[in-house]
Each structure stands twice: as C-alpha cells, then as structure tokens.
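Right, one structure below, let's go through it.
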Amino acid sequence: MNLPDGLVPVADGLHLWSPGHAGTWGFANCLLITSGEQAALVDTPYDQPMTEALLAAARPVLPAGAAAVTTIVNTHVNGDHTFGNGCFPGAEIIATKASAEHLCREPSPQQMHFLTHQTPADQPLGWYAREHFGRYTYEGVEAVPPTTTFSGRYALTVGDIEAELIEVGPAHSAGDLIVHLPAQRVVCAGDVLFAEDHPVHWDGPLARVAAACETILALEPEVVVPGHGPVMSAEDVRGYITYLRELEALVHARHAAGVPAGEAAADILAAGFHDHLGLRERIVILTAVEYRHLDGDTREVDVVGLAAQAAAWAYRDHGPGKP
Ligand SMILES: [Zn+2]
C-alpha cells in the first residue's frame, strides 16, 4: 500500500497526514497538532499498519511516537477515522455524545473482516468489499470508543494551541464535529467534506451537510482539511455547497414526481452528474438517504444495506468482465 512517508505542514504546529488515493474508500486524512511536549491527533487511520506508517512519517515532529499523543479527537465514528485509536493506549479520546451513542450501528472490525473475506467474492457486495476494503487489516483490531464526550462546543488546549471542537451533526454521520484552530485559520472538517470523490453522507439530509459547510465558511478559514483528499480553500467549500444544492434539487424533483429512489439515482448517474469525481456509486447512497428524509422514515440507518445498494450499481456498471 502506497502511503505518505512524511507529514505536510499546514500551519504553525499543524501537520497533515494525507494518504490520498482518490477513487476508493478508507484513506482518511489525520491532522497532528503539536505544541511543546504535547500532541493531539484528529482522527486515526483505518488499521494498525497505516497508523504505524503515520507514526513513522511523524517522527521528525513527534520524537516519542504514539506515547506523545495523549489526546485523540474523532471527527465522527466511521472506522476509517477511528480504528487506529487502539494504537494510542491511555490517550483521551474525544468525540460528540451523539457519535458515542451511534457507535453501535457502525460495522465493527470483525464485521469488516467478514465482509472482505467471508462473503461470496462473485456477488456485488463481496466483490465491492474486497475491491475497496480488502487491503485493510481488520483482524485483531479492537474498536476503542471515546472516553470524553460533549454536545455543542468543546475547548481543547494542546500546549499553546487553542482548538475549538464544534458539533455540526447530524450531517455526514449522527455526531459529526469540526475542529477550528482560530489562530492558524484552519478548520479540520472530517467527512462533512470530501475532495476529488463524490461524498458519502449516511445521515443527511443534504441540507444539513450544506449547513455544516456554511458553519465552516463563517469561521473564515484559510485552509480547510476535508475528511478525504487534498486540502481545500473557502472557494472549494463554496463549490462543494453548490454540488450539494444541485444534487438536492435533482433528487427532490424526482421524489416529487413519484420516481422510486433507485431509479432516481440511476437517472442522475446516467445524466453524468459531476462525472469527473470518483466513486459515482455513492450517488445511490446519497439519493437513498435523501429519500428517507423526504419519506419521513425514522428507522435506524442501515450502513451496510446502503453500501450494498451502491455495490450493486457499481457491479452492474464496472464489475468483473466490464471494461
Ligand atoms: Zn471517512
């Protein structure tokens, strides 16, 4: 697996581990905050080998390695931002109360291992799981939950650096938070924002994701770190809000016309909506989630069920045997 061997300086005391890899799942950005002897990490990688690669890359700024990181912030509790938590024994792990309460619906490492190894490889979900998640090591991983939770806002101090954690969920997930570093004019957005690929938003609706992005813009950041992909400017965030609004209009029009969700997604995909972005099948998930809201469906979000719908579309579009 090709991973960065260095961290990218973002501002004074802020370094980004950005594994890139547009067009697939699981390579999330992690932001390291260091000041004096103290260090905090915003999000942890998907598995232990990736977390070890991050720590090796961080050696120039983090001489004591994992032991120096005494605080972890989880922007939300998807595994690709939290499964590395266990590599920082004794660290305080901060997330929103809503994130902690919805941890139970996240696929566990054991379920991810099952999906990538024990499902039929010639069926859509098994094929898709292997394609996009088969590279990660889930065996032996313990999902370590938050130790400190909050609602609303939370002030975090790392040495001389002041950070404010602001709850913006539900949006991407039930309990999203963003990390605002006012002196550095940086916002770490978690999966409210994606660069280079179509986003995926499990909770929604799209209007709430757009509202979270407006909250980011109101902070007047110079640099915005998305959950996945390269860093963004305020202008990039505005473009992303336009994407969300356009998609919302397309989905709502089809819902109003009585078109079933699956057909609506297929129709939007066939029209080539923002076709330059990767992971087009995520439109299937975004549409299904938006329909849930429009239909007033309040049942618990079925993450694997939604992923299976996207897998079915991807399998038909470019599965085995397709060009
Ligand atoms: Zn993510």
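The values are calculated or read from the model by the stated rules, or taken from the named source; none is laboratory data. These numbers were taken from a predicted model, which means no experiment stands behind them. Positions of Cβ are generated from backbone atoms using ideal geometry, with glycine treated the same way; all protein chains shown enter the neighbour counts. These area figures cover heavy atoms from the full protein model, side chains too; ligands, DNA and RNA do not enter into them. Shrake-Rupley method; radii C 1.70, N 1.55, O 1.52, S 1.80 Å.
Between amide H atoms placed 1.01 Å from N, distances below 5 Å from VAL192 occur with GLY227, all of them 5 or more places distant or on a separate chain. Couplings 3J(HN,Hα) of the range 220-229, computed from phi: 6, x, 8, 10, 10, 9, x, x, 9, x Hz, in residue order, whole Hz [Karplus 6.51 cos²θ - 1.76 cosθ + 1.60, θ = phi - 60°; x for Gly and Pro].
Principal axis extents of the Cα atoms in the range 51-193, from largest to smallest and rounded to whole angstrom, are 53, 36, 25. Accessible surface area normalised per residue over the chain is 40 Å², counting heavy atoms of protein chains with a 1.4 Å rolling probe. Paramagnetic label reach from GLU246 (point 7 Å along Cα→Cβ; backbone nitrogen cut-off under 19 Å): within the range 201-223, residues 201, 206-211, 213-214.
Dividing the Cα radius of gyration of the chain by 2.2 N^0.38 Å, with N the residue count, gives 0.96. Extension gain for GLN111-ASP295 works out to 63.3 nm (0.36 nm per residue, less the C-alpha to C-alpha distance).
What a 1.4 Å probe finds exposed on the chain is 53% carbon and sulfur by accessible area, rounded to a whole percent. What fraction, in whole percent, of alpha-carbon pairs in the range 4-130 exceed 27 Å separation? Within the range 4-130, distances greater than 27 Å cover 23 percent of Cα pairs. Summary value for the chain: 16 percent relative contact order, contacts being C-alpha pairs under 8 angstrom separated by 6+ residues.
Which FRET efficiency, nearest 0.05, do ASP275 and THR157 yield, Cβ-Cβ r, R0 41 Å?
The formula returns an efficiency of 0.40 here.
Packing, as the average of other Cβ atoms within 10 Å across residues, places the peptides 28-39, 152-163 in the order 28-39, 152-163, highest first.
The stretch between LYS97 and SER35, if pulled fully straight at 0.36 nm per residue, gains 19.6 nm over its current Cα-Cα span.
Applying 0.36 nm per residue to the separation of GLU235 and ASN2 and subtracting their alpha-carbon distance, the gain on full extension is 80.9 nm. Legend: Rg and Dmax of the range 187-323, from Cα coordinates, 15.1, 48 Å.
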